[in-house]
Amino acid sequence: MSIVNCQLSTAQELVYLEHSETLSFDKERLPDAQILKGDVRFRHDDMLMYCDSAYFYEKSNSLDAFGHVRFEQGDTLSGFGDVLYYDGNTKYARLRRNVRLIHRNTVLTTDRVDYDRKAERAFYDDWGQIEDSLNTLTSVWGLYMPPHSQAVFRDKVHLINTNFILDTDSLRYNTKSHIADIVRPTTIVYEEETTILSDSGTYNTETEQGLLYKRSRILHTDGKQLTGDTIYYAKRVGYGRVRGHMEMRDTVQQTSLYGNYGEVFNDGDSGYATDSALLVDWSNDTSYTYMHADTLFSELQAYVAITVLPIDSTIGRMAPDTLRRDSTYRQLRAFHNVRIYNKEYQTVSDSAVYNGLDSIITLYHDPVLWSDKQQVSADVIHIYIRNELADYAHGVGNAIAIKHEARDMFDQMQGKEMFAYIRDGEIRQVDVSGNAETIFYPREEDGTFTGVNKTQSSLVKLYLKDQKIERIVFTTTTNGTMYPLDQIKDTDRFLNAFFWAKKERPRDPMDVFRHAERTPRPKEKAVSAVVEEELDATENPRKQKEQRNKKRIDK
């Protein structure tokens with residue numbers, strides 16, 4: 001039995017000549033070869049080989065085939081070429097010149113390929129091309145494994161898809177799943193749309209979805225960029241999900257959104273970041289703005305440009321950037337533990353919204369604004385930006401401005417509504433309206449305090465220069481009292497909306513990540529913005545602005 005099995009096994013490994021029109025010998029030139037011509041056919045187990053002519057070396061169980069060479073292995077693999085060198089003992093085939101290897105819907109084209117039947121691997125080392133139903137890939141060196149539909153490419157790898165082009169130095173690719181394994185620096189280019197840069201990951205060339213690692217980047221021609229440690233990216237819907245050191249950059253709007261987790265939609269038109277979320281506005285290269293919150297949402301909004309009349313001001317207020325006629329603008333929403341640092345101003349609040357169309361930052365829920373030595377708070381604060389810098393702040397409801405003078409002495413102004421005008425990082429003017437109250441500590445020329453001045457008025461305008469009070473303007477209905485320092489009660493040193501939140505203030509860009517404990521607000525607050533005090537147009541800054549705009553429109 002064992003002898004029979006051995007013989008059968010040996011017989012199966014022999015190369016058989018099945019057909020030839022002529023057979024001859026040349027003992028001097030080819031002493032070991034049978035010279036075959038005309039419709040030559042060989043068989044070796046399940047592989048058939050065809051050619052015009054051949055040298056058959058029966059003793060060495062090998063052959064050299066020439067002209068219209070073709071082999072067929074089963075019903076899934078076939079090869080074509082001008083020359084075939086085949087060793088039946090090692091099952092090793094070498095196809096040369098005008099070579100094509102066809103496996104189902106995959107075609108390998110090259111000038112020379114070696115096919116190891118035992119390992120079921122074909123490779124080339126002098127340029128080749130593999131084409132399947134979706135992609136065409138070329139490289140200097142290539143390896144193809146038919147049983148697994150798996151290919152490996154090295155040196156100047158170039159993949160052409162209907163929608164994109166991929167270039168790299170090394171790539172693994174499956175011709176059945178159409179998935180490319182990125183193992184070296186790789187560039188995927190969607191012409192005039194998107195460029196994907198990655199050193200590691202997978203990219204499904206059929207669904208155009210990728211899982212990318214090692215700080216991969218996605219760049220769009222409109223200036224939006226996405227970077228992260230791990231990115232899941234679906235090109236067709238423009239969706240990206242990032243884990244680890246996310247950066248969503250917009251070079252047109254000049255903003256960068258960071259976080260350890262986030263998602264983007266419509267290729268960066270909108271997205272959010274969380275886990276150490278940070279927005280950096282670098283539109284002004286001398287004064288970056290840093291905003292942190294638990295979660296930051298960013299989205300582009302479209303608008304129709306219209307002609308808007310400029311705003312005039314007789315009190316020094318400059319119109320913010322409300323007239324930019326961009327086709328899109330960015331809106332930012334920040335939720336919980338919002339902290340903003342700019343070298344000219346700093347803020348804290350529970351939530352905030354930035355509207356890029358009119359360049360306004362709105363702070364909600366216990367907001368506080370600092371500029372140099374001034375602290376401003378209100379129920380809601382609007383910060384108006386001009387030329388990428390804070391122009392003025394508008395506090396609505398329980399508004400109070402405070403400046404620390406010395407020890408327990410604080411200059412204070414409070415009312416329903418407040419405008420604070422900022423120039424060169426300093427508050428230069430503060431207007432308070434609606435039950436306005438003030439506490440000031442006047443000084444002599446030598447800097448000594450002369451007493452405490454307390455007033456009540458419908459409108460107060462405070463002008464400052466070099467962090468010192470230059471002049472104060474009250475309405476004619478103002479009531480005021482000057483107290484000597486030693487005669488004022490401690491309870492009269494502070495307005496009822498007073499609180500000092502120095503410990504909350506961000507001190508540098510990275511300090512925005514510090515979750516400082518919020519300072520308790522006074523139980524008895526100042527006047528509410530819901531109830532409007534009736535002021536005439538000469539006393540109310542808001543009514544002044546409304547009347548000026550109405551006059552311009554009427555004209």
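Every condition in (1) part of a strand (DSSP E or B); (2) touching a residue at least 12 places away in the same chain (Cβ under 8 Å) is met by PHE498 except one, and the failing one is (1).
Candidates in the range 381-392 are the residues that are in a strand (DSSP E or B) and in contact (Cβ under 8 Å) with a residue 40 or more places away in the chain; of these, the one that is nearest to PHE498 (Cα to Cα) is TYR392. Against the definition (modelled with pLDDT of 85 or more, crowded, with 18+ Cβ neighbours inside 10 Å, hydrophobic (A, V, I, L, M, F, W, C) and within 15 Å of GLU405 (Cα to Cα)), how does VAL452 come out, yes or no? So VAL452 passes the test.
Scanning the range 108-147 for residues that are open to solvent by 40 Å² or more (accessible area, probe 1.4 Å), within 18 Å of GLY81 (Cβ to Cβ) and in a strand (DSSP E or B) yields THR109, ASP111, ARG112, ASP116, ARG121, PHE123, GLN129, GLU131.
Taking the range 464-499 as the search range and keeping residues that are of a type in the set (Phe, Trp, Tyr) and in contact with a Ser or Thr (Cβ under 6 Å, 6 or more places away or on another chain), which one is farthest from ASN435 (Cα to Cα)? Even if it seems obvious, please write down each step before you answer.
To start, the set of residues in the range 464-499 that are of a type in the set (Phe, Trp, Tyr) comprises 474, 483, 494, 498-499.
With in contact with a Ser or Thr (Cβ under 6 Å, 6 or more places away or on another chain) added as a condition, the list becomes 474, 499.
On the way: PHE474: 12, PHE499: 19 Å.
Filtering first and then ranking leaves PHE499.
Of all residues in the range 285-300, those being among the β-branched types (Val, Ile, Thr) and open to solvent by 50 Å² or more (accessible area, probe 1.4 Å) number 1.
When we screen SER371, SER377 for residues that are closer than 16 Å to THR289 by Cβ, under 36 Å from the mean Cα position of the chain (by Cα) and touching a residue at least 40 places away in the same chain (Cβ under 8 Å), the only hit is SER371.
The criterion of being open to solvent by 70 Å² or more (accessible area, probe 1.4 Å), out of contact with any Ser or Thr (no Cβ under 8 Å at 6 or more places or on another chain) and in a strand (DSSP E or B) holds for ASP169.
Checking LYS523 against (1) under 30 Å from TYR341 (Cα atoms); (2) modelled with pLDDT of 80 or more; (3) not small (Gly, Ala, Ser), which test does it fail? It fails just one condition, (2). Pairs meeting the criteria (first residue in the range 473-492 and of a type outside the set (A, V, I, L, M, F, W, C), second residue open to solvent by less than 100 Å² (accessible area, probe 1.4 Å) and modelled with pLDDT under 80, beta carbons under 6 Å, at least 6 apart or on different chains) are THR475/GLU539. Across the range 355-368, the qualifying residues are those that are open to solvent by 10 Å² or more (accessible area, probe 1.4 Å) and in contact (Cβ under 8 Å) with a residue 40 or more places away in the chain, and the one among them that is farthest from ASN398 (Cα to Cα) is LEU357.
Here HIS292 meets each of (1) at pLDDT 95 or above; (2) in a helix (DSSP H, G or I) with one exception, condition (2). Among the residues of the range 172-194, count how many are open to solvent by 40 Å² or more (accessible area, probe 1.4 Å), in a strand (DSSP E or B) and under 13 Å from THR221 (Cα atoms). So the count comes out to 1. Being open to solvent by 40 Å² or more (accessible area, probe 1.4 Å) and among the aliphatic types (A, V, I, L, M): is that true of ILE469 here? Criteria met by ILE469.
I'm trying to understand the selection: among the residues of the range 214-235, which are of a type in the set (Phe, Trp, Tyr) and crowded, with 22+ Cβ neighbours inside 10 Å?
TYR233
On the stretch given as the range 174-204, residues that are in contact (Cβ under 8 Å) with a residue 40 or more places away in the chain and touching a strand residue (DSSP E or B) at 6+ places or on another chain (Cβ under 6 Å) total 2.
For (1) touching a residue at least 24 places away in the same chain (Cβ under 8 Å); (2) within 21 Å of VAL99 (Cα to Cα); (3) open to solvent by 50 Å² or more (accessible area, probe 1.4 Å); (4) assigned to a strand (DSSP E or B), each residue gets a yes or a no:
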residue: LEU17; (1), (2), (3), (4): yes, no, yes, yes
residue: LEU23; (1), (2), (3), (4): no, no, yes, yes
residue: GLN34; (1), (2), (3), (4): yes, no, no, yes
residue: ASP39; (1), (2), (3), (4): no, yes, yes, yes
residue: ARG43; (1), (2), (3), (4): yes, yes, yes, yes
residue: TYR50; (1), (2), (3), (4): no, yes, no, yes
residue: TYR55; (1), (2), (3), (4): yes, yes, yes, yes
residue: SER60; (1), (2), (3), (4): yes, no, yes, no
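Just one of the listed residues (ASP111, ASP116) is within 49 Å of the chain's Cα centre (by Cα) and more than 21 Å from TYR57 (Cβ to Cβ), and it is ASP111.
Quick one: which of GLY451, GLY434 is among the small types (Gly, Ala, Ser) and closer than 26 Å to HIS382 by Cβ? Write out each step before concluding.
Working: GLY451 fails: closer than 26 Å to HIS382 by Cβ.
Of GLY451, GLY434, the one residue that is among the small types (Gly, Ala, Ser) and closer than 26 Å to HIS382 by Cβ is GLY434.
Within the range 266-283, residues that are at pLDDT below 95 and open to solvent by 20 Å² or more (accessible area, probe 1.4 Å) reach partners that are of a type in the set (S, T, N, Q) and not in a strand (DSSP E or B) with beta carbons closer than 6 Å, at six or more positions or on different chains, in the pairs TRP282/GLN254; SER283/GLN254. The numbered conditions (1) modelled with pLDDT of 90 or more; (2) of a type in the set (Gly, Ala, Ser); (3) surrounded by fewer than 19 Cβ atoms within 10 Å (Cβ to Cβ) are all true for ALA401 except (3). Hey, any hits in the range 307-324 for a residue that's open to solvent by 50 Å² or more (accessible area, probe 1.4 Å), modelled with pLDDT of 90 or more and out of contact with any Leu (no Cβ under 7 Å at 6 or more places or on another chain)? No - not one qualifying residue is present in the range 307-324. For residues that are more than 39 Å from the chain's Cα centre (by Cα) and surrounded by 24 or more Cβ atoms within 10 Å (Cβ to Cβ), scanning just the range 418-439, find the one that is farthest from GLU470 (Cα to Cα). Looking at the filtered set, the residue picked out is GLY434. Would you confirm, using the coordinates I've provided, whether GLN331 is farther than 23 Å from GLN414 by Cβ, at pLDDT below 95 and not in a loop (DSSP other than H, G, I, E, B)? So GLN331 passes the test.
The values are calculated or read from the model by the stated rules, or taken from the named source; none is laboratory data. Keep in mind that this is a model prediction, so the values were computed, not measured. Every residue, glycine as well, gets a Cβ built from its backbone with ideal geometry; the counts of neighbours run over all protein chains shown. Just so you know, the surface numbers come from the protein's heavy atoms only, side chains and all, with ligands and any DNA or RNA stripped out. Shrake-Rupley method; radii C 1.70, N 1.55, O 1.52, S 1.80 Å.
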